[in-house]
Amino acid sequence: MNLCILSGKGGTGKTTVSTNLALLTGSNYIDCDVEEPNGFIFLKPADITALDVAVSCPVIDNEKCTLCGKCSEICQFNALITTKKNVMSFDKLCHGCGACALVCPVGAVSFYPRIIGRVEEGTSGAVKAKRGILNVGEQMGVPLIRTLLSDLPIGENILDCPPGTSCSVVNTIEHADKALLVTEPSLFGLHDMALAAALLQQRNIPFGVVINKHDPKNTLIDDFCTEKNLPVLGRIPYSRQAAVSYSKGNMLIDIPELRGEFSKIASGITEVI
């Protein structure tokens, strides 16, 4: 079973919920937030191995090229532009689909592997932990995410999604059996949570909501979930103790009163979603 944990915006506590649930339930942890993968800060895995990930980028043979322009016409990502003198290649826009080589009538297109990041894997106790790390300056995390998710561990997996509702999120939730939507009680949190909820509903993925930094006096998220008939599986209280523990890279389930809340969330994943 693959449980995707996502949020409409960054900073809601998505990774906090993901890592604590992974340790509490003994699930494998997969950090798909390849631009800012910070789950390892909390899990502190050992025996880490790494594998470089590359995309195939085009190389144009100018001696063969007739400047017909078919390669640039077929490219949906504007990675190739045909001029009067040559074909210009913008490698960081290339998705490595290979369409340019298929339409070239003279075989002027070949490819070279361009490394965009790496996949790391280690263990934290009984938990297998994996993450993708996108190289600085790279603009597209999707090829790295696809590689990361192409070999998921057997068993229960928690997929820590990128924030928002971008292509990276869509490619991650394709693997979801269930989902948790982590939000915070603010207008920004509500707005972006609604977008993420609509995405999950569009994909017919069953999900529940976790309210982080919960204040009993602020019913903004609760009211929305009641109106939309969305199950709230947990409310992690806004507390100084939790903030101090988080800032030190410690687990919230080590705090007895918070461990109970995470246990409630874990039960809800099985019983409610």
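Look at (1) free of Cβ contacts under 8 Å to residues at least 40 places away in the same chain; (2) under 30 Å from Arg235 (Cα atoms); (3) of a type outside the set (Phe, Trp, Tyr) and you find that Asn135 fails only one, number (2). The criterion of at least 2 residues that are among the hydroxyl-bearing types (Ser, Thr, Tyr) is met, among strands (runs of 3 or more DSSP E) falling completely within segment 22-90, by 46-60. Of the residues screened, Pro113 is not one that is in contact (Cβ under 8 Å) with a residue 24 or more places away in the chain and part of a loop (DSSP other than H, G, I, E, B). Residues in segment 77-115 that are more than 19 Å from Cys65 (Cβ to Cβ) and in contact with a strand residue (DSSP E or B) (Cβ under 6 Å, 6 or more places away or on another chain): Gly96, Pro113, Arg114, Ile115.
Going through (1) over 22 Å from the mean Cα position of the chain (by Cα); (2) assigned by TED's automatic domain parsing to the domain that holds Met251 one by one, Leu148 falls short only on (1). Restricting attention to segment 1-10 and to residues that are part of a loop (DSSP other than H, G, I, E, B) and under 14 Å from the mean Cα position of the chain (by Cα), the residue that is surrounded by the most Cβ atoms within 10 Å (Cβ to Cβ) turns out to be Ser7.
The values are calculated or read from the model by the stated rules, or taken from the named source; none is laboratory data. Because the structure is predicted, anything quoted here is derived from the model rather than measured. A quick note on method: Cβ atoms are made from the backbone with ideal geometry, for glycine too, and the neighbour counts reach across all protein chains shown.
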